[in-house]
There are 2 protein chains.
Amino acid sequence: MRNVAVIGCGHSKFCFNSPLTSVELMSEVAFDAMNEAGIKPKDIQATYIGNVLGDFEEGQGMVQSFFANDIGAFNVASSRFEGACASGSMAIRDAYMWVASGYYDIVLAGGVERATAFSSALGTRTFAMFGDGHYEFPSGFTFPSVFALLAHLYSDKYGIPLPQLKEQMAAVSVQAHKWGMKNPKAQFHKEISSEDVLKSFMVASPIQLHDACPFTDGAACVIIASEDAVKKLGIKKPVWFKGIGQASSGKLSSQYKFLPRLRARELASQQSYSMSGLTPKDIDVCELHDCFSIASIIAAEGLGFFDYGTAGEAWVKGDCDMGGKIPINLSGGLKSKGHPIGATGGSQCVEITRQLRGEMVSEDRQVAGAKIGMMDTLGGDGVLVNMIFSNEK
Amino acid sequence: MRNVAVIGCGHSKFCFNSPLTSVELMSEVAFDAMNEAGIKPKDIQATYIGNVLGDFEEGQGMVQSFFANDIGAFNVASSRFEGACASGSMAIRDAYMWVASGYYDIVLAGGVERATAFSSALGTRTFAMFGDGHYEFPSGFTFPSVFALLAHLYSDKYGIPLPQLKEQMAAVSVQAHKWGMKNPKAQFHKEISSEDVLKSFMVASPIQLHDACPFTDGAACVIIASEDAVKKLGIKKPVWFKGIGQASSGKLSSQYKFLPRLRARELASQQSYSMSGLTPKDIDVCELHDCFSIASIIAAEGLGFFDYGTAGEAWVKGDCDMGGKIPINLSGGLKSKGHPIGATGGSQCVEITRQLRGEMVSEDRQVAGAKIGMMDTLGGDGVLVNMIFSNEK
């Protein structure tokens, strides 16, 4: 298969109550990404878009076709992907294959979501459809309670008393907000303390408000191109796909043997590492799926950065911070940057691309000399997508 | 790219009010397809599933992951596609690429929908989200009215007086029900006359009840494999992908220059013909998207089977029937077989596969000696997918 690179990025401000429709949000970031890549709408041969709640939120399905034609990429092949929070990453991984195989040379991939017009109760209920809708949701398994369960299992399995685990979880959120302060696209620009986290209201014990990411409106996308197109366009800083992985799980109750680990993540990251010939030690910077603080801890272990039961302590010690063993979520992560569901994968990909281009200096969040980056997205109970990128071919 | 074939089919009974959930429906047809192919769940490396209204209808997103794990295809990559009625075809085309590229050897693709628990008003309103939701739906553009508009434009453009066009449209529906009688999986087993069509109640003039397909519950899927896998498994009658095409359009108002033709179909079919090196004259049997009788007429022209303005007369003369120039929708089509939105592409692919295997003799609807077949699916205002298959490599 051919070498494939990210050659342009677009990322909207993440916010509450965007005045734009999904089609408009997606169009805006598409123009930004095309401008960065130095291409025109007619150069785009296909679009791959993650979007989850467009029909519920604004009565609009098929965003992928309407935005493509609105920006002037007329009549291109346009597909929408749904894998809950991993929808955007799923779309990007799929787009990679259509270029790697030689079928297309230049495509656009990413995602968009308007998720804040819901009341939080409706949002939680609606989003719970991306767990098992027949048995588990009626038993109370909305996502806050799923991650509350995982936190209890984690505490028990690794012998970390809940008060200690909660302090570790708080460290994750505190770090996220610290970096969100520096990200101009972030939804929140507000530092929080460990005390703020531990005093915030209880959502589903032990998950408190500041252990949970918000819902967000936003869009993010990348332009993906073949090596030939990279050369033709004279792209100065292409960021190359090195490894891709995707796996899924069944309903939560079918995963009991592996919980609180998420088996699909371990398999997906094995695919990414194996394809790239890289190991966790090679990763210079990572954006991972911190929908809840405990989710970050589980993710960092599943990706192989830390031994099981030790990632929480790693956050406390600064091992996941700038200068640490593996800098994680220097964007602010879902917790502070925000979580526009279908757009989150696109946002992670944009963040990693910009880190590997060395563009974060001006925002004071550049990992010096970062060459290899990883993104990781969890969708509902079921889907895990991760990818490894490098600024060297 | 590698040669890729369909090696197994699964097709549920299409019906009203299925007692099964989407996950259960999908699991059932997956087992049928695996049995046909002689493979086990562990052989499936990925699933590609079209599903549109699962969240609205039964509060279940991410059907693709849950069914895969329920059937024992644990932790495989599972993606859901949405392109309105073309979702299943989009999924199959995408699955083709992952095998053709060499990444996977055996995957499952198709779709599922439960669309009949809606009242027809809610169904029409909900499905209208797959047109433009902000400007055109509030102006009354649900899909019956979109196709009513196309019928008026067609009548005007080609100088066919509306009463004459309505008789041609009636011929499409009559033929569909004639063949639906012979298809054991069809939702309707009821012959209708031209008079029945023209006396049926008016939905959106000139579209009457019998010019419109129903909503349906059902699932359909295929197993897709590389040439190596076909050999290893000793598949006796593989059906090979020869050409694929996909294109999309913007909102209806942006298409005014081309209406009543659908530009995306013409582009998608050019892709399919060009890739396969075939022409419309080479096609022995076709399943096309007859969501409304006028849609069939427009589709048969867009695929190149007839000159513009002449396809309605072709149906009247029997040119689209068994023994005619191009036998179309010998399954009963969406009109009589039914239209489970996300599953329709899978159903078309199963029908073409079985025709090219010569398996329709027992149902008295085999096109004798059929070697090359085409499927064509229209999704909302926006997406067109078609594919050409052959029983010769």
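The values are calculated or read from the model by the stated rules, or taken from the named source; none is laboratory data. Source: prediction; values computed, not measured. Please note: Cβ atoms are built from the backbone with ideal geometry, for glycine as well, and neighbour counts cover all protein chains shown.
Couple of notes before you dig in:
- Near pairs, Cβ below 7 angstrom, 6+ apart or cross-chain, from region A:6-28 (under 15 Å from A:Leu53 (Cα atoms)) to any residue that is small (Gly, Ala, Ser) and in a strand (DSSP E or B): A:Leu25/A:Gly218; A:Leu25/A:Ala219; A:Met26/A:Ala219
Here is a yes/no grid of residues against (1) touching a residue at least 40 places away in the same chain (Cβ under 8 Å); (2) closer than 23 Å to A:Asp70 by Cα; (3) acidic (Asp, Glu):
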{"site": "B:Arg261", "(1), (2), (3)": "yes, yes, no"}
{"site": "B:Gly277", "(1), (2), (3)": "no, no, no"}
{"site": "B:Asp282", "(1), (2), (3)": "yes, no, yes"}
{"site": "B:Leu288", "(1), (2), (3)": "yes, no, no"}
{"site": "B:Ser296", "(1), (2), (3)": "yes, no, no"}
{"site": "B:Gly302", "(1), (2), (3)": "yes, no, no"}
{"site": "B:Phe306", "(1), (2), (3)": "no, no, no"}
{"site": "B:Gly312", "(1), (2), (3)": "yes, no, no"}
{"site": "B:Val316", "(1), (2), (3)": "yes, no, no"}
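- Note on region B:26-60: among residues that are under 22 Å from the mean Cα position of the chain (by Cα) and within 16 Å of A:Gly380 (Cα to Cα), the one that is nearest to the other protein chains (Cβ to nearest Cβ) is B:Asp55.
- Here B:Leu149 qualifies as more than 10 Å from chain A (Cβ to nearest Cβ) and within 20 Å of A:Ser65 (Cβ to Cβ).
- In region B:381-393, residue nearest to B:Arg354 (Cα to Cα) [restricted to those that are within 14 Å of chain A (Cβ to nearest Cβ) and assigned to a strand (DSSP E or B)]: B:Met387
- Search result, residues across region B:53-68 that are more than 20 Å from B:Val350 (Cβ to Cβ), in contact with a helix residue (DSSP H, G or I) (Cβ under 6 Å, 6 or more places away or on another chain) and not acidic (Asp, Glu): B:Gly54, B:Phe56, B:Gly59, B:Gln60, B:Gly61, B:Met62, B:Phe66
- Unique match (being farther than 25 Å from A:Ala86 by Cβ and in contact with a helix residue (DSSP H, G or I) (Cβ under 6 Å, 6 or more places away or on another chain)) among A:Ser200, A:Ser193: A:Ser200
- Listing of strands (runs of 3 or more DSSP E) fully contained in region B:199-272 that carry 3 or more residues being within 14 Å of chain A (Cβ to nearest Cβ): B:239-248
- Taking the numbered list (1) buried (at least 18 other Cβ atoms within 10 Å of the Cβ); (2) more than 14 Å from every other protein chain (Cβ to nearest Cβ); (3) not basic (Lys, Arg) in turn, B:Gly324 passes all entries but (1).
- Condition met for B:Ile235 (assigned by TED's automatic domain parsing to the domain that holds B:Ala95, touching a helix residue (DSSP H, G or I) at 6+ places or on another chain (Cβ under 6 Å) and at pLDDT 95 or above): no
- Selection within region A:77-90 - more than 14 Å from B:Arg93 (Cβ to Cβ) and at the interface with chain B (Cβ under 7 Å from one of its Cβ atoms): A:Glu82, A:Gly83, A:Ala84, A:Met90
- Being buried (at least 24 other Cβ atoms within 10 Å of the Cβ) and either in contact with a Pro (Cβ under 6 Å, 6 or more places away or on another chain) or part of a loop (DSSP other than H, G, I, E, B) (or both) holds for only one residue in A:Leu378, A:Leu330, A:Leu334, and it is A:Leu330.
- Region B:337-371, subset surrounded by fewer than 21 Cβ atoms within 10 Å (Cβ to Cβ) and β-branched (Val, Ile, Thr), residue nearest to B:Gly304 (Cα to Cα): B:Val367
- One residue from A:Thr344, A:Thr353, A:Thr377 being within 14 Å of chain B (Cβ to nearest Cβ) and of a type outside the set (A, V, I, L, M): A:Thr377
- Residue-level check: of (1) out of contact with any Phe, Trp or Tyr (no Cβ under 6 Å at 6 or more places or on another chain); (2) at pLDDT below 95; (3) under 18 Å from A:Cys291 (Cα atoms); (4) among the small types (Gly, Ala, Ser), A:Ala148 misses just (2).
- Failed item in (1) over 21 Å from the mean Cα position of the chain (by Cα); (2) of a type in the set (Lys, Arg); (3) within 11 Å of chain B (Cβ to nearest Cβ), with A:Arg93 passing the rest: (1)
- Listed here are the helices (runs of 4 or more DSSP H) enclosed by region A:8-92 that have at least 1 residues being crowded, with 24+ Cβ neighbours inside 10 Å and among the hydroxyl-bearing types (Ser, Thr, Tyr): A:22-37, A:63-71.
- Among (1) closer than 22 Å to A:Gly312 by Cα; (2) buried (at least 17 other Cβ atoms within 10 Å of the Cβ); (3) at pLDDT below 95, the one test that A:Lys251 misses: (1)
- Just one of the numbered conditions (1) within 14 Å of chain B (Cβ to nearest Cβ); (2) crowded, with 20+ Cβ neighbours inside 10 Å; (3) of a type outside the set (D, E, K, R) is not true of A:Leu122: (2).
- A:Ser226 vs. criteria at negative phi and in the same structural domain as A:Ser272 (by TED's automatic domain parsing): no
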